[in-house]
Each structure stands twice: as C-alpha cells, then as structure tokens.
Amino acid sequence: MNWRKVVFSNYARPRAVFILWLAFRGRLQTKDRLIRYGINVDPKCVFCSAEETMEHLMFECSVTNGIWKNILTWIGYNRGPENWMIERVWIITETKKKGWRRDILKTAAAETVYAVWRLRNDVVFNQHTLDDTVTNRIKEIIAMRCIGYRKLATHISIENLCID
C-alpha cells in the first residue's frame, strides 16, 4: 500500500478520495471489468471508441489525457501523462516529497480521477455530452479545497485560478 499517503492525507473531497482509492486498488467498474463479470455492455470508451479499461480511461484516452495535461500544467508540472501504472508510480513518488506543491498534486489527482469518472458515468448513464468546462470545474474545486488550508491558501489565487 505505497499509495496510502496519497489517499489518507489528501485535501480533496471525501468522495474524490474514495474514487482515487478504488482506482489505486484497480476496483473501478470499467467496462472491461463488467465484461469479466459476465455483464453484457458495449466495451468501447464513450469518448474515443477504444476499449475501455481503467488504464485507457484515466490516461490513454485522448480526451482524458488532455484534461490531465491541462491540470498538471496548471499546478506546475510540465509533463504529459503516460499510462496508469507509470502515472500512479510518479504520483506516489512525487507526493512522498515535502512541500505545498505536493499537497496540491494529491488533491488534484483525487479530484481529476473523480471528475473523469463522473464525466464517464454522466455520458454512459445520463446521455450527457462532453463539454469543455470540465477542466475549469476541476480547477475551481481544487482551488476551493486548497483555499481552506493556510499552508496552501497563500499559493492559490481564486480570482484567476492560478498557482504561484
């Protein structure tokens, strides 16, 4: 459980932390898992029509990859996401270090995984369409969660949603 520090000392909303915990354990009910349980579902990703696995949904899909790139750039990490295992190890390794940026990364990871999962479920179950505001909503939630903590509040500007 090398991911426990990312999950248990996180400023994200409890529901986001729970979904991150499920993702780290490989327990999100993606379409490939449902098919293994014998449930008849269309195996295609709702965003790009590739096979939906957790690895694909979180980082390999072009839509979610763009969301991650935007969030990582916004919090000061100049990297493009690769695949779930590499990013998982990177997040765990990076958040073992000290500093406010690592606390924001933990929050951003939880809120982004949760937002991607919610977006996927809204498209699958509620026939919602993909909109361009998801990244801005994630940024707003991260900023609002961090603004409540003194050590993080000085690094977040809520007016223009920037991190110094």
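The values are calculated or read from the model by the stated rules, or taken from the named source; none is laboratory data. Just so it is clear, the structure is predicted and the values come from calculations on it, not from any experiment. Cβ sites come from the backbone with ideal geometry, for glycine too, and all protein chains shown count toward neighbours. When the accessible area is computed, the model is the full protein with side chains, heavy atoms only, and any ligands, DNA or RNA have been set aside. Shrake-Rupley method; radii C 1.70, N 1.55, O 1.52, S 1.80 Å.
Quick notes
- For the residue pairs LYS5/LYS69; LYS106/LYS139; LYS69/LYS151; LYS96/LYS151; LYS69/LYS106; LYS106/LYS151, the alpha carbons lie more than 21 Å apart in LYS5/LYS69; LYS69/LYS151.
- Neighbourhood charge, 12 Å Cβ-Cβ cut-off, centred on LYS31 and excluding it, Lys, Arg +1 and Asp, Glu -1: 0
- Charge context of HIS128, other residues only, Cβ under 15 angstrom, K/R +1, D/E -1: 0
- Solvent exposure of the chain, expressed per residue, is 53 Å² of accessible area, with all protein chains present and a 1.4 angstrom probe.
- In segment 1-90, trypsin sites (Lys or Arg not before Pro) in a DSSP loop with at most 15 other beta-carbon atoms within 10 Å: ARG27, ARG79
- Entry for Rg/Rh (Cα atoms, Kirkwood Rh) (calculated from the structure that is shown) out of [x] 1.19; [y] 1.45; [z] 0.96: [z]
- Angle between the chain longest axis and helix 14-25 axis [Cα atoms, degrees, rounded to 10]: 60
- Within the same chain, aspartates and glutamates fewer than 8 places from LYS44 are excluded, and of the rest, those with a Cα less than 19 Å from its Cα are ASP32, GLU52, GLU55, GLU60, ASP122.
- The accessible surface of segment 36-110, taken with every protein chain in place and a 1.4 Å probe, is 50 percent carbon and sulfur.
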